[in-house]
1. Take the residues in the range B:24-43 that are out of contact with any helix residue (DSSP H, G or I) (no Cβ under 7 Å at 6 or more places or on another chain) and within 11 Å of chain A (Cβ to nearest Cβ), then tell me which one is farthest from residue B:87 (Cα to Cα).
2. Name the residues in the range A:122-137 that are more than 11 Å from every other protein chain (Cβ to nearest Cβ), surrounded by fewer than 23 Cβ atoms within 10 Å (Cβ to Cβ) and in a helix (DSSP H, G or I), would you?
3. In contact with a strand residue (DSSP E or B) (Cβ under 7 Å, 6 or more places away or on another chain) and part of a helix (DSSP H, G or I), is that true of residue A:221?
4. Picking from A:63, A:82, which residue would you name as being closer than 20 Å to residue A:390 by Cα, touching a helix residue (DSSP H, G or I) at 6+ places or on another chain (Cβ under 9 Å) and surrounded by fewer than 24 Cβ atoms within 10 Å (Cβ to Cβ)?
5. Take the residues in the range A:99-120 that are crowded, with 24+ Cβ neighbours inside 10 Å and under 25 Å from the mean Cα position of the chain (by Cα); name whichever of them is farthest from the other protein chains (Cβ to nearest Cβ).
6. Against the definition (surrounded by 24 or more Cβ atoms within 10 Å (Cβ to Cβ), modelled with pLDDT of 95 or more and within 21 Å of residue A:132 (Cβ to Cβ)), how does residue A:71 come out, yes or no?
7. Identify all residues within the range A:399-442 that are touching a residue at least 60 places away in the same chain (Cβ under 8 Å), under 14 Å from residue A:466 (Cβ atoms) and more than 13 Å from the chain's Cα centre (by Cα); write none if there are none.
8. Looking only at the range A:285-303, which residues are within 23 Å of the chain's Cα centre (by Cα) and at pLDDT 95 or above?
């Protein structure tokens, strides 16, 4: 056994896990780690705020489907990553966050830059470790990666006191670890899958609800096979957007508060749902009580605690969604089960889809959201990765930006973290440098983490920021217009700053696009660019996101554009 | 509805915090909690009593099970388990006759009498919570100076093969 420092063993352990890139910021309590990073082959991306470092790791993790790594120092460094960790937890993204901590002897003495990050992060991590000796570090790292990436993925925190980083010891590197209280993989119950098939076949109006779990497990082919074999229309949650090609004849798009009208309509008419990898969030189902009325629910999820949490389940299938769906496909193929084209429910779906696509009034403005986003779709290659910020633009992206290639759309859907999209796009670009990456943004959100432009430019991770700029906190403005009698409070951003100049100040490309043609050209220019491009598009501040299901109301009470 | 949940956990620092924080963050109720080391020093057993409907209790158990530091989570059937709580109670003695009366009640409940003073008596009672509550009702008239209750600890009846 070689004698080495805790920090050195951390680097070796990370390399053994296949880590070749990490995002972070140094500080007093993680300097020994940074000294080892200096000697290591791991590419370090210097973020300009720890929250952004965490979002970059999150974006990297969602796209590569292996844990993204971020570093922060103790105290404020650690508290700054809290939002990033909570975002990853809410969306089940694999992440390993490594914080420095004050030396062991100083813990509990209110030392300079001491924060109890283990206590603070407890409800928002999948697990947290605080090794108290250098010899524990490799084992902790192995456990952290195992926990973060298996079962329902999530963020794991490793908080390492500075002296533990510095101490030298003969440090063992376990080749495997066992955690007796953790059983992430459960084999799906075959009889439950048989029951589910029977239910789907006997149902008159079955529907598939594809959630984020389909994307996390990469069950795109399986969900498509089931939909096509049984001719079942597919709706998704917002997290599950793009788990099924949105140009597919059976696709209805996301349900929920700002779901597609045809998706909400068909969801509320269905008598049986196959919910794959969905947690039935309030934003998706409207009200829990109304949603489950007259509906038989087949719930497939890797996390047993999700079964029955928000909805009463008729058939529960616990296990990896991809594995469960694969068994289901196999059974259908073996029994040569296939539904006929003349099935009335499919006819109903086509009618509903056509009706809303023809009759739903779109906002009347030269740069209405639908037009702007359809233009982006037109010029953007299908394999491009799209992230979003949080707000109106996000919901418009859900409504008007069709995801054609499954697994290319990512958003902060659970926590709803403004400022997530841009650093996450940088992380995504690091995971897949060969494909274009676009952050569909609002200026309010982009404003929160725009200093990541320095990272995008200097670390050669060029992404496109597509700002739908309505000079206001648009979603708040919409709620104030709708629910607060137009008392507009604290929403006006007054066209400040100038995002074209901001981009240029960082050495990025800034383009203002004021017509659909200019938008198309700007995106084409950005796709050819070696540096990040910020496209600033002035849109109509008065445009609302519609349809809209008000909070606390069922999906049947959809407010349509008038 | 009142339920008893028995949780076998890793005997490591911070686990009690994690368990109670789970109850707090998920808005579950803790009626009582008791913790102690088991025959295997690597594990502790927590006995938690909680108030909640069937759906809530099922969810509590699933969330506890999901915790990486929990080894085993069981809901105990009241009839199929032994559950006890220990209480120490300091009761006021205002006049000489109180002393005898309190001791008689204590004797009927098979309490242990620990500290007899001119103005107070301390008794110890190990019983089911109902019985402790009944005792408390009977002596309340004399004046209760202090109470310390441990919360319930419980085990399922029978051997492992019978559970």
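1. B:42
2. If the condition is that a residue be more than 11 Å from every other protein chain (Cβ to nearest Cβ), surrounded by fewer than 23 Cβ atoms within 10 Å (Cβ to Cβ) and in a helix (DSSP H, G or I), then A:135, A:136 are the ones that fit.
3. no
4. Answer to the check: A:82.
5. The qualifying residue farthest from the other protein chains (Cβ to nearest Cβ) is A:99.
6. yes
7. A:436, A:438, A:440
8. A:299, A:300, A:301, A:302, A:303
The values are calculated or read from the model by the stated rules, or taken from the named source; none is laboratory data. Fair warning: this is a prediction, and the values are worked out from it, not measured in the lab. Glycine also receives a Cβ, built like all others from the backbone with ideal geometry; neighbour counts cover every protein chain displayed.
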